Each structure stands twice: as C-alpha cells, then as structure tokens.
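Below: one structure, written as structure tokens.
The values are calculated or read from the model by the stated rules, or taken from the named source; none is laboratory data. Keep in mind that this is a model prediction, so the values were computed, not measured. Quick reminder, even Gly has a Cβ in these numbers, built from the backbone with ideal geometry, and neighbours come from all protein chains shown.
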Amino acid sequence: MASVYTTLAIIGVVLISPVLMPALFLVGVLYDFFNSELPPGIDQPLKLHLFHSLMITAMITGKVMQKLRICNDLTVLRVVLVGIPPWRDSKLLIKDLRVDEVPLRIYQPKSPPTSKRRGILYFHGGAGTFGSIRAFERICRYMAKKCNSVVVSVGYRLAPEHPYPGQYVDCLSATLYFMRNLEEYHVDPALIIISGDSCGANFAAVICQILLNNPDLPKVRAQVLLYPGLQGLDFQLPSYQQNASVPMLFRKLVLYFCFRYLNKEPTVLEDVLQNRHVPESMRRKYKKWVSADLIPDEFKTRGYVPPKPASYKPEVHEAIKEILALTFSPLLAEDSIICQLPEAFIVTCEFDVMRDDGLLYKKRLEDNGVRVTWYHSDSGFHGIVAFFGYGIFDFSSGKKIVDSMVNYINSL
C-alpha cells in the first residue's frame, strides 16, 4: 500500500508541477521567511532556510494533493524526505528482511570478524509519521564501518496508517529478533546498543525500559539518544519557548505531528501548548522530574520568561491523554525503572525545541546512578543528522554529532 501511495504522489507531483510547483515553492519560501527565526550561532542559516522552505513546500503540496484526492497529505513529505539513494558500498554486506511484517536492513562489514562485533539497533526519526530506512541509509552505513559493527535499521510502520502504539511494537519485535539471533550475525551479547534520533530516540528509550522486564535476554550495553523527545507533559520548557520558531521543527509543528501520530484532530492543539491537558495532581507529582527549575541557568539566557500557570481542562486531557503514557513519555518512568537502565549517550542541540527533554533525562539518569556521556551541539538544530553524508548539503555540526557518537560507541 505504501508503494501505491508513493507512486500516486510522484504522478501527482509530475501532473501539477508545471503549473503549481513554482507557486507552491514561493509560498513555502515566503512562509519560512515570515515565520522562521534563525538565532545567531545556528549552523549555516542560509542552507537551513532553503531546506526548511522545501519541507514547507512538500507539506503544502501534500495538502493540495489531498484536496484533489490524489493521495494522503503526508505522502509528498515522505517521498521528499527519502532523499537520494547512495552508491553501492563494496565494504559492506547489506541484507533486507522482514520480521513480523517489519522491514529491517542489516549492515555488516565484509571483512571477516577477528572477534565478535557490536550490535547496533537504529530507530530513525520522523515523528512516527515519516522517515524510512532509506532516509537514514548513510548514517547506518557510517556506523557499521567506523564502529566495525552490525547495524540493524528498523523500518517501523508509520502512523496514522499503522496506528499508535504500533511503532513501539514494531521496534520491540525487531529488537527481540536481533537479540535472539546474535550468533548468526557474530555479535557479542555484551555489546548491544539501542539507538535512535528524535522520535526514534524516544522509541529507543522506551524499548530499553521494556526490556528490563525480560531478564532472559542479553542486557543492553548502552542507549544512544540523539536529540530525543521524551515527554508530553510540559510544552512551556525554556527550549520550547526559545526555539518556538526555529527550523526544522517549530513548537506548533511538534504538536501537529503528535496529533497526526495519534490519529487525532488537532482541535485542542493551542490548549496543549499551554499545558491545559495536565491534571494538577500529575503536575505536582512530576514537577520533581519535569520543570524549568531543573534546567541549568546557562540554557535560559536566550530570553526565557517563566510562563503563567494555565488552568486544567479535563476535556483537553481526555482528547490527548496518550501523550502522558510511558510509551510516549519515558521521562516519567519511576526511579525504580530509571536506576536499572543501561548507560547512555545523549545528544542535545542548542536550537532545538526538544533540547530540554534531553537535559532532563540526563539529570534523571545521573540522579539514579546511571552513567551518562553528554554531547551538546552549540550550533545544532533538530533533525540535523538527517542531512549527514550529503556532501555540500550536510551540516558541519551534524558531522560532529555523528563522529562523537561513533567515538562513544568505539569506547564501549
């Protein structure tokens, strides 16, 4: 079905491109120009403007094509973000397979192993609604070669066609398959790393928590979380306020994709942005873990103003209560779970609405005696590693993030 939608999207774009595409791109450029904020210090702002304009154009085109009943509005965005396939790599063995209907792509160095290798599971980003194995092909190949590791890229099925929480089920199925077949891939059971970026980092954090209930499986060596989104409790944290209009992910866009991911109409989006979905009892309970007071002062210097408390609305909570569940908000797990988790490598980016989620999870892990290696990109933005490996089209900060991740994995 996905390939049918993709074909329809491509045909639709071809049909409307001579007339509408220039106009739609102009709309995307104008939207970016009038709505985006690129603070001083962000990596390569002109290039970021261009890519953000293209993303907005893809979203607008999708809306037009949905109105014309050609395809789902997310289809164009998915096609655009797949990117350009890389050349064949003579140094890697690459195998595709399916496990419980979940596509996997497995990367292995061709050179014969001198000892058992690390095993890395990678869950890609994309708000659970877009992204793919192909879109993150370059980063997975790079890890396989630079870390001399077996990398399993998981093509979990996308919402809303594959309903939430099916994405976690898919990631867990892939993880269990890999852990039960380590001998086949010459992987050391003591060196399993679970990783991901953005929502994929959320999935990685959740899977690490779920696996604590299965002592018969190998213990995860480390979790690698690149600019993770880890909570749906507070959308007024300093990073959400400071980076509300910074590409590639506006604050409102976070909530828009959350609603699409959960297959809900965004009728209460503005109320959720004001945290009106959180009961007072829950707000008090989790304040010790999710609060602007826990964010170091150096991250509040870019004009953070503490928001006025907003009154709770039960109907808003009922409409979107799923974002407060542990499968969506692993930051809210009890200390009895957090203290058992594997050590972590956490990346945060200064110009990212989700920066503070990573900072808060770092603190929670450290407070519970879990070792954390932290890399903060002073010029990075959300989604930056998706451009990795594209030569003149990538970002230097993204390359530094990936190399810091590789160095960490090689240190294990």
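Hand me the list of helices (runs of 4 or more DSSP H) wholly inside region 208-289 holding 1 or more residues that are more than 28 Å from G380 (Cα to Cα), of a type in the set (F, W, Y) and touching a residue at least 24 places away in the same chain (Cβ under 8 Å).
Numbers: elements: 238-242, 251-261, 269-273, 280-286.
In region 208-289, the matching helices (runs of 4 or more DSSP H) lie at 280-286.
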What pairs can you find where one residue is in region 129-151 and in contact (Cβ under 8 Å) with a residue 12 or more places away in the chain and more than 17 Å from G398 (Cα to Cα), the other is assigned to a helix (DSSP H, G or I) and charged (D, E, K, R), and their Cβ atoms are less than 6 Å apart, with a gap of 6+ or different chains? T129/R260; F130/R78
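Does G358 count as under 30 Å from P39 (Cα atoms), of a type outside the set (D, E, K, R), in the same structural domain as S198 (by TED's automatic domain parsing) and in contact with a Cys (Cβ under 9 Å, 6 or more places away or on another chain)? Walk me through it before giving the result.
Values: under 30 Å from P39 (Cα atoms): yes; of a type outside the set (D, E, K, R): yes; in the same structural domain as S198 (by TED's automatic domain parsing): yes; in contact with a Cys (Cβ under 9 Å, 6 or more places away or on another chain): yes.
It is true that G358 is under 30 Å from P39 (Cα atoms), of a type outside the set (D, E, K, R), in the same structural domain as S198 (by TED's automatic domain parsing) and in contact with a Cys (Cβ under 9 Å, 6 or more places away or on another chain).
Among the listed residues A319, A310, which satisfies the condition of being in the same structural domain as S397 (by TED's automatic domain parsing) and either within 28 Å of K219 (Cα to Cα) or at pLDDT below 95 (or both)?
Working: A319 fails: either within 28 Å of K219 (Cα to Cα) or at pLDDT below 95 (or both).
Step by step, each of A319, A310 is checked, and only A310 is in the same structural domain as S397 (by TED's automatic domain parsing) and either within 28 Å of K219 (Cα to Cα) or at pLDDT below 95 (or both).
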Flagged in region 313-336 as under 18 Å from L230 (Cα atoms) and outside any helix (DSSP H, G or I), in numbering order, are A325, L326, T327, F328, S329, A333, E334
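Out of Y122, Y107, which single residue is within 15 Å of the chain's Cα centre (by Cα), part of a strand (DSSP E or B) and at negative phi?
Working: Y107 fails: within 15 Å of the chain's Cα centre (by Cα).
Within the list Y122, Y107, the selection yields Y122.
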Could you tell me whether region 250-266 includes any residue that is at pLDDT 95 or above, among the β-branched types (V, I, T) and either surrounded by fewer than 18 Cβ atoms within 10 Å (Cβ to Cβ) or over 23 Å from D297 (Cα atoms) (or both)? yes
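Conditions (1) β-branched (V, I, T); (2) over 23 Å from Y256 (Cα atoms), marked per residue:
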site: I346; (1), (2): yes, yes
site: E350; (1), (2): no, no
site: G358; (1), (2): no, no
site: N368; (1), (2): no, yes
site: F381; (1), (2): no, no
site: F393; (1), (2): no, yes
If a residue must be of a type outside the set (D, E), farther than 16 Å from L332 by Cα and out of contact with any helix residue (DSSP H, G or I) (no Cβ under 6 Å at 6 or more places or on another chain), how many such residues does region 274-298 contain? 2
Cβ-Cβ under 7 Å pairs, at least 6 apart or on other chains, region 15-29 side surrounded by fewer than 16 Cβ atoms within 10 Å (Cβ to Cβ), far side among the aromatic types (F, W, Y) and at pLDDT below 75: none
